[in-house]
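Written out below as structure tokens is the structure these notes cover.
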Amino acid sequence: MTRSPGAARLLRRALHAPEASRSNALPAGAWWLWALGLATAASRTTNPLLLGLLVGVAGYVVAARRTDAPWARSYGAFIKLGLFVVALRLLFSVFLGSQIPGSHTVLTLPEVPLPDWAQGVRIGGRVTAEQLVFSLYDGMKLAALLICVGAANSLANPARLLKSLPGALYEVGVAVVVAMTFAPNMVADVVRLRTARRLRGRPTGGMKAVAQIGLPVLEGALERSVAVAASMDARGYGRTAQVPPAVRHTTNVLTLGGLLGVCAGTYGLLAAQGAVYGLPVLLAGLVAAMAGLRLGGRRSVRTRYRPDRWGVRAWLVAGSGAVVAAAMIWAGSVDPEALHPGVVPLTAPVLPLWPAAAVLVGLLPALVAPVPPSARGFEEHDRRSDDHRGKEQA
């Protein structure tokens, strides 16, 4: 059976990721669901090979689909923060000790005598290879969580995330979005000021340079906050509609009860004793919380301009993160030793094959998400348009 050239062309066009535009850009929630799925997978393992694979997947997707926006430049800062966390965890293990027993002594530090009420705590003493490896695994897990969150900060537009929130959560969402955009904007300001000092021949390192850069960074953040507040006030933010008291009370009961149900159901799924009631309670809590948010949205009188639409590509991106998280949770119940390599006795970690293959599903956004436009892409597009226009005129 032969396939027609037109059908093959349509198939390639459907599988090929288009160039990103305002109409087909992915919703910010899809990127956050993908990143939270990777972070959930990282929280279920201490295997350094799987953690490194998760970080590599997140980094590849960021490199393939990151734009030139200010918030997209914060990924490097999160990587440095993750390395700092690993180093700090190792430093605490060396100087404060660990409860992990070990037989391979690396070094012995002078131990500081402590009073009787501080039993169980020591400063200095014997440092073993087992406790260092355990601290390294623990620090890598936290660093992977931070890097996954940094990937979401680099790929998701905070303004579009705020616009996608329900009306009942708009006030809370503003605070959350402002908190999430503070780190990327601060990183952009630091890079801009360091570049300006370097061009003027001034030093960019040392405590003196940090002190001179810190004040303009804080001043810029304050000016942006004042500008955002002024623009929100000019657009009538904060106006609410009048709703009956019964609706308000019903909204509060549904929202609070739904959130409590979600917490109880999640705990039931994670605990071995609550596996029977965990899923029904979680679903009931989600339904009640969504009903409460739906009723609470009546108090908001704001409208949405060109709301984001969840297409097939957005669901694929969010679903890939969910698949990675679900596969890692299932692997933890089937083969926990593969996800948590032992340190006593000290053994080399082994990469489990099918959890690693499940982690590679997180690379799907690099294939299906729209490609961000670049200057070279725009120049190529303009050149092709001019050539096509010239041929038509000829």
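The values are calculated or read from the model by the stated rules, or taken from the named source; none is laboratory data. Please read these numbers as outputs of a predicted model, since none were measured by experiment. When we count neighbours, we look across all protein chains shown, and the Cβ atoms used for this are built from the backbone with ideal geometry, even at glycine. Accessible surface areas use protein heavy atoms only, side chains included; no ligands, DNA or RNA. Shrake-Rupley method; radii C 1.70, N 1.55, O 1.52, S 1.80 Å.
The table for this structure:
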{"read-out": "Some residue of the range 114-122 being within 25 Å of TRP330 (Cα to Cα) and either in a helix (DSSP H, G or I) or in contact with a Pro (Cβ under 8 Å, 6 or more places away or on another chain) (or both)", "value": "no"}
{"read-out": "Residues satisfying the stated conditions in the range 92-108, i.e. in contact with a helix residue (DSSP H, G or I) (Cβ under 7 Å, 6 or more places away or on another chain) and free of Cβ contacts under 8 Å to residues at least 40 places away in the same chain", "value": "SER98, VAL106"}
{"read-out": "Identity of the residue in the range 317-358, in contact with a Leu (Cβ under 6 Å, 6 or more places away or on another chain) and open to solvent by 20 Å² or more (accessible area, probe 1.4 Å), that ends up farthest from HIS104 (Cα to Cα)", "value": "GLY332"}
{"read-out": "Per-region count, the range 63-89, residues assigned to a helix (DSSP H, G or I) and within 30 Å of PRO370 (Cβ to Cβ)", "value": "16"}
{"read-out": "All positions within the range 90-103 that are assigned to a helix (DSSP H, G or I) and surrounded by fewer than 20 Cβ atoms within 10 Å (Cβ to Cβ)", "value": "LEU90, LEU91, PHE92, VAL94, PHE95, LEU96"}
{"read-out": "Candidate set: the range 125-140, residues that are open to solvent by 50 Å² or more (accessible area, probe 1.4 Å) and of a type in the set (D, E, K, R); chosen: the one farthest from LEU51 (Cα to Cα)", "value": "ARG126"}
{"read-out": "Condition met for ALA356 (in contact with a Ser or Thr (Cβ under 6 Å, 6 or more places away or on another chain) and in contact (Cβ under 8 Å) with a residue 12 or more places away in the chain)", "value": "no"}
{"read-out": "Residue count for the range 258-285, restricted to those that are open to solvent by less than 40 Å² (accessible area, probe 1.4 Å), part of a helix (DSSP H, G or I) and either over 22 Å from TRP330 (Cβ atoms) or modelled with pLDDT under 80 (or both)", "value": "7"}
{"read-out": "Residue in the range 84-101 that is over 14 Å from the mean Cα position of the chain (by Cα), within 22 Å of GLY362 (Cβ to Cβ) and modelled with pLDDT of 85 or more present", "value": "yes"}
{"read-out": "Checklist (1) of a type outside the set (Gly, Ala, Ser); (2) farther than 27 Å from ALA348 by Cβ; (3) surrounded by 13 or more Cβ atoms within 10 Å (Cβ to Cβ) applied to VAL112, failing item", "value": "(3)"}
{"read-out": "Flag if ALA63 is open to solvent by 50 Å² or more (accessible area, probe 1.4 Å) and either at positive phi or at pLDDT 85 or above (or both)", "value": "yes"}
{"read-out": "Filter result for LEU155 (at pLDDT 85 or above, farther than 30 Å from VAL361 by Cα and in contact with a helix residue (DSSP H, G or I) (Cβ under 8 Å, 6 or more places away or on another chain))", "value": "no"}
{"read-out": "Residue satisfying all of: in the range 194-210; aliphatic (A, V, I, L, M) and modelled with pLDDT under 70; surrounded by the fewest Cβ atoms within 10 Å (Cβ to Cβ) among these", "value": "MET207"}
{"read-out": "Search result, residues across the range 66-85 that are open to solvent by less than 20 Å² (accessible area, probe 1.4 Å) and under 27 Å from LEU132 (Cα atoms)", "value": "GLY82"}
{"read-out": "Criterion (open to solvent by less than 40 Å² (accessible area, probe 1.4 Å) and either assigned to a helix (DSSP H, G or I) or at pLDDT 75 or above (or both)) met by exactly one of VAL176, VAL149, VAL187", "value": "VAL187"}
{"read-out": "Qualifying residue in the range 234-250 (condition: farther than 23 Å from ALA325 by Cα, open to solvent by 90 Å² or more (accessible area, probe 1.4 Å) and at pLDDT 80 or above)", "value": "no"}
{"read-out": "Checklist (1) within 14 Å of the chain's Cα centre (by Cα); (2) open to solvent by less than 20 Å² (accessible area, probe 1.4 Å) applied to THR45, failing item", "value": "(1)"}
